[in-house]
1. All but one of (1) of a type outside the set (A, V, I, L, M); (2) crowded, with 19+ Cβ neighbours inside 10 Å; (3) in contact (Cβ under 8 Å) with a residue 60 or more places away in the chain; (4) under 18 Å from residue 158 (Cα atoms) hold for residue 107, so report the exception by its number.
2. If the requirement is being at pLDDT 80 or above, of a type outside the set (Ser, Thr, Tyr) and under 14 Å from the mean Cα position of the chain (by Cα), which of these qualifies: 129, 156?
3. Mind listing whichever residues of the stretch 183-200 are at pLDDT 80 or above and either among the acidic types (Asp, Glu) or touching a helix residue (DSSP H, G or I) at 6+ places or on another chain (Cβ under 6 Å) (or both)?
4. What tally of residues in the stretch 48-86 results from selecting those that are in a loop (DSSP other than H, G, I, E, B) and more than 21 Å from residue 138 (Cβ to Cβ)?
5. Out of (1) surrounded by fewer than 14 Cβ atoms within 10 Å (Cβ to Cβ); (2) out of contact with any Gly (no Cβ under 9 Å at 6 or more places or on another chain); (3) not hydrophobic (A, V, I, L, M, F, W, C), what's the single condition that is false for residue 161?
6. Can you tell which of 138, 104 is in contact with a strand residue (DSSP E or B) (Cβ under 6 Å, 6 or more places away or on another chain) and part of a helix (DSSP H, G or I)?
7. Within the stretch 69-77, identify whether any single residue is touching a Leu at 6+ places or on another chain (Cβ under 7 Å), crowded, with 17+ Cβ neighbours inside 10 Å, within 30 Å of residue 184 (Cβ to Cβ) and touching a residue at least 12 places away in the same chain (Cβ under 8 Å), and answer yes or no.
8. Among the residues of the stretch 80-117, count how many are of a type in the set (Phe, Trp, Tyr) and modelled with pLDDT under 95.
Amino acid sequence: MNVLTEISYTPTPWNKGKLVGQKAPLRLRDIWAIRVRLQLAKKTRDLALFNLAIDSKLRGCDLVNLRLRDIAHGACISPRAIVMQQKTHRPVQFEITEQTRIAIMDWIQLAQLRNEDFFFPSRINSAKHLSTRQYARIVKAWVTEIGLDASIYGTHTMRRTKASLIYRRTKNLRAVQLLLGHTKLESTVRYLGIEVDDALEMAEQTEV
């Protein structure tokens, strides 16, 4: 006689033991700590990736999908670029600072990129671009190297960093909304978590 024993199975949540939610932006000292390490290590691609991620404020999927033509005209790197976002199908414009343009040019020359090439090509398949998963691993390595907790930083850290710095400097929500390509101001408020940040800032100013 066969006896069937019913075994209850409860799937393990994907986020068990993980910190979820908004990833923290980098501080100025963190930015320079990573940048200097990449320069000293002569990691040309990573330096271009890091600087462009900070400047562009693009989601990871949009950043790795960039082609050279999106940010350059011939041998000239554009001071500004416009990219169509995959998530919203809306264009977003960003500035490319001088130090980022220098890093980009160094990478173009080293990788011998052509106009139609992905700016960050895959090292496994030349017909494809760097994957978002590999980009996430690279970001994790950056923050770990300067002693930060990788569990609270991620690819969205790169998107949030400059936006957070701009908001702290100007308190101009509308400007940050445009820079991030958000359709609603409420999305920008939630994204920056500014109610919490402002409350902590006020608390620090009123400490006795």
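The values are calculated or read from the model by the stated rules, or taken from the named source; none is laboratory data. Here the structure is a predicted model, which is why all the values come from computation and not from measurement. Here the Cβ is made from the backbone with ideal geometry for all residues, glycine too, and neighbour counts use every protein chain on show.
1. Result: residue 107 fails condition (4) only.
2. The match here is 156.
3. If the condition is that a residue be at pLDDT 80 or above and either among the acidic types (Asp, Glu) or touching a helix residue (DSSP H, G or I) at 6+ places or on another chain (Cβ under 6 Å) (or both), then 185 is the only one that fits.
4. Selection size over the stretch 48-86: 5.
5. The failed condition is (1).
6. It is 104.
7. No, there is no match, as no residue in the stretch 69-77 is touching a Leu at 6+ places or on another chain (Cβ under 7 Å), crowded, with 17+ Cβ neighbours inside 10 Å, within 30 Å of residue 184 (Cβ to Cβ) and touching a residue at least 12 places away in the same chain (Cβ under 8 Å).
8. Matching residues across the stretch 80-117 total 1.
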